[in-house]
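Enquirer: Please read through the structure below; I'll follow up with questions.
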Amino acid sequence: MTKIGLLSIGAFVPEQKLTNQDLEKMVDTTDDWIVQRTGIRERRIAPKDMHASDMALEAARNCLRDTDITPDLFVASSGTSEKSCPYQASIVANRLKLKKPACFDINATCSGLVYGLAVASSMMAAAQYQYGLVTASEKMSLFTNYRDRRSCILFGDGAAAILLSKENWEHELLAVELGSDPEGFEFVTMGAREGDPYFWQDGQKIFRFAVNTISRLIDALKVKAGLEEQDHFYIVPHQANLRIAQAVADRKNIPMDRFIMNIEKYGNTSSASIGLALEEAWRNNRFKKGDTIFLIGFGGGLSWAGAAIRW
Ligand code: UT7
């Protein structure tokens, strides 16, 4: 089986911050409630004329900046694209001046980046593609109702990108594990009716689903990646709620410092969130060679996706 690995990671967030204090002036909420229940302190909001494709482009440029590589395969994950057609991957591929890449969009909500890694790496192993670029970009503010305190405190905008290679990679992709529970397809809904954005979720059901899913995927990925009991691993979960990571840490008896979290700064950026956290950890040299990193996504659908990477 051809081995595929990560070469580089990029990220982009808009400059404008929306703090809990700003939200206190907009809806009936408090900084204390938001921090206690979610761990979020601020999030980034893209200006009106900055679309998900613009953020994907910036993350991709950051990812490719120190290489002279032109990807021949490009997968763009987004649930918040500005248009159905042209599709996001084609807009970004045009602006990156890619030469006749295989390129397409996917949407698996918050699991999208990890689904993208699984799809791109499988195509690279099965066919001629040498370099696969995967982006995950979300303009969550497009579908956020800033009069609804239950949801507007959660979301932020941002994008991440990962470059995969068949050769000379830095970090091996060891295993992936994908799945979904379509019986719960209505437990998270998001969209816009006649221009009116809405988001609804059964928060407590999704919370339990998230804790169960992350716990189960840690076990499954440990086996698939061949980890021994004493092997050191980190978890980069979808950043939906700090309390979800704390509940998994308690249940599985894993120290909290093994969970890579930056929800405090960016809130829930759906499929971009794992990439934003991974890029920050990578930039800050958080991992040592030989560590195993589990990327774990979960969300609407109800979808889940895990990937194990050897650093
Ligand atoms: O990314 C997709 C995957 N999604 C998730 O993983 C989400 C998982 N779920 C969660 O993170 C949590 O369920 C939430 C953060 C969404 C909500 O937290 P919760 O502890 O489940 O709160 P709740 O919805 O049960 O609401 C508790 C109370 C309610 O008041 P009553 O009915 O007890 O009087 C809400 O009206 O808190 C109230 N409330 C608020 N109060 C102040 C809800 N939102 C707010 C708010 N500020 N922003």
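Every number in this text was worked out from the coordinates using simple rules, so none of it is lab data. Quick caveat, the model's predicted, so the values are computed rather than measured. Using ideal geometry, Cβ is built from the backbone for each residue, glycine included, and neighbour counts are taken over all protein chains shown.
Enquirer: Hey, got the dipole for the chain? About the Cα centre, +1 on K and R Cβ, -1 on D and E Cβ, debye to the nearest 20? Walk me through the intermediate numbers first.
Expert: Numbers: 36 positive and 38 negative charges, 53 e Å.
Roughly 260 debye for the chain.
Enquirer: While we're here: Across 10 Å bins from the origin, how do the percents of Cα pairs in region 156-239 run, short distances first?
Expert: Spelled out bin by bin, region 156-239 gives 11, 31, 34, 18, 5, 0 percent.
Enquirer: Mind checking the dipole of region 114-187: about its Cα centre, +1 per Lys or Arg Cβ, -1 per Asp or Glu Cβ, Debye to the nearest 20? Walk me through the numbers before you get to the answer.
Expert: Working: 5 positive and 10 negative charges, 74 e Å.
So the dipole magnitude of region 114-187 works out to roughly 360 debye.
Enquirer: What number, in percent, do you get for the relative contact order of the chain if the mean sequence gap of Cα pairs under 8 Å and at least 6 apart is divided by its residue count?
Expert: Working: 751 pairs, mean separation 79.6, N = 311.
Relative contact order for the chain comes out at 26 percent.
Enquirer: Something else: What are the lysines whose alpha-carbon lies under 19 Å from the alpha-carbon of LYS222, with same-chain residues fewer than 8 places away excluded?
Expert: Counting by Cα, and skipping residues close in sequence, LYS222 has these lysines nearby: LYS3, LYS252, LYS288, LYS289.
Enquirer: Which trypsin sites (Lys or Arg not before Pro) from region 19-55 combine a DSSP loop assignment with at most 10 other Cβ atoms within 10 Å?
Expert: Details: sites: LYS25, ARG37, ARG41, ARG43, ARG44, LYS48; in loops: LYS25, ARG41, LYS48.
Qualifying residues, ordered by number: LYS25, LYS48.
Enquirer: Dividing the Cα radius of gyration by the Kirkwood radius, what Rg/Rh value follows for the chain?
Expert: Details: Rg = 18.2 Å, Rh = 19.3 Å.
Rg/Rh: 0.95.
Enquirer: Loop-only check: which chymotrypsin sites (Phe, Trp or Tyr not before Pro) in region 206-242 are DSSP coil with at most 13 other Cβ within 10 angstrom? The partial results should precede the final answer.
Expert: Numbers: sites: PHE207, PHE209, PHE233, TYR234; in loops: none.
Filter output for region 206-242: empty list.
Enquirer: Within region 1-98, list the GluC sites (Glu not before Pro) lying in a DSSP loop whose Cβ has at most 12 other Cβ atoms in a 10 Å radius. Can you show the working numbers first?
Expert: On the way: sites: GLU15, GLU24, GLU42, GLU58, GLU82; in loops: GLU15, GLU82.
Here the GluC sites (Glu not before Pro) that fit, given the DSSP loop and packing criteria, are GLU15.
Enquirer: Going from the alpha-carbon gyration tensor of region 173-310, what semi-axes, largest first and in whole Å, does one get by taking the root of 5 times each eigenvalue?
Expert: Values: eigenvalues 143, 56, 36 Å².
Semi-axes, largest first: 27, 17, 13 Å.
Enquirer: Can you find, among SER84, ALA118, GLY156, the residue farthest towards the positive end of the dipole of region 5-169? Put +1 on the C-beta of Lys and Arg, -1 on that of Asp and Glu.
Expert: Among SER84, ALA118, GLY156, the one farthest towards the positive end of the dipole of region 5-169 is SER84.
Enquirer: Further, regarding this structure: Kindly state, as a whole number, the per residue volume in cubic angstrom of the convex hull around the alpha carbon atoms of region 179-228. Numbers along the way, then the final one.
Expert: Details: hull volume 4.8 nm³, N = 50.
Measuring per residue, one finds 97 Å³ for the Cα hull of region 179-228.
Enquirer: Now for a different question. Under unit Cβ charges (Lys, Arg +1; Asp, Glu -1), what dipole magnitude, rounded to 20 debye, does region 207-311 have relative to its Cα centre? Don't skip to the end; give the middle numbers.
Expert: On the way: 14 positive and 10 negative charges, 18 e Å.
It comes to approximately 80 debye.
Enquirer: Same structure again: Over region 84-242, what is the mean sequence separation of C-alpha contacts under 8 Å (at least six apart), divided by residue count, expressed as relative contact order in percent?
Expert: Details: 132 pairs, mean separation 27.2, N = 159.
Over region 84-242, the number comes to 17 percent.
Enquirer: If you wrap region 140-196's Cα atoms in a convex hull and average its projection over all directions, what's the area in nm²? Intermediate results must be reported in sequence, preceding the final value.
Expert: Working: hull surface 27.7 nm².
Mean orientational projected area (region 140-196, Cα hull): 6.9 nm².
Enquirer: State which helices in the chain qualify, where a helix is a whole DSSP H run, it must extend 24 Å or more along its own axis by its Cα atoms, and its mean Kyte-Doolittle hydropathy must be at least 0.0. Don't skip to the end; give the middle numbers.
Expert: Values: long enough: 203-225 (32 Å, 0.32).
Membrane-span-like by this criterion, though nothing is claimed about a membrane: 203-225.
Enquirer: Same structure again: Please list the radius of gyration and Dmax for region 57-141, considering alpha-carbon atoms only, with Å as the unit.
Expert: Both quantities, over Cα of region 57-141: 12.2, 38 Å.
Enquirer: Considering the dipole of the chain built from charges on the beta carbon (Lys and Arg +1, Asp and Glu -1) around the Cα centre, which of PHE74, PHE298, MET261 is farthest to its positive end?
Expert: Checking the options against the dipole of the chain, the answer is PHE74.
Enquirer: Could you quote the convex hull projected area for region 5-169, Cα atoms only and averaged over all directions, in nm²? Show your work: numbers first, answer last.
Expert: Details: hull surface 40.5 nm².
It is 10.1 nm².
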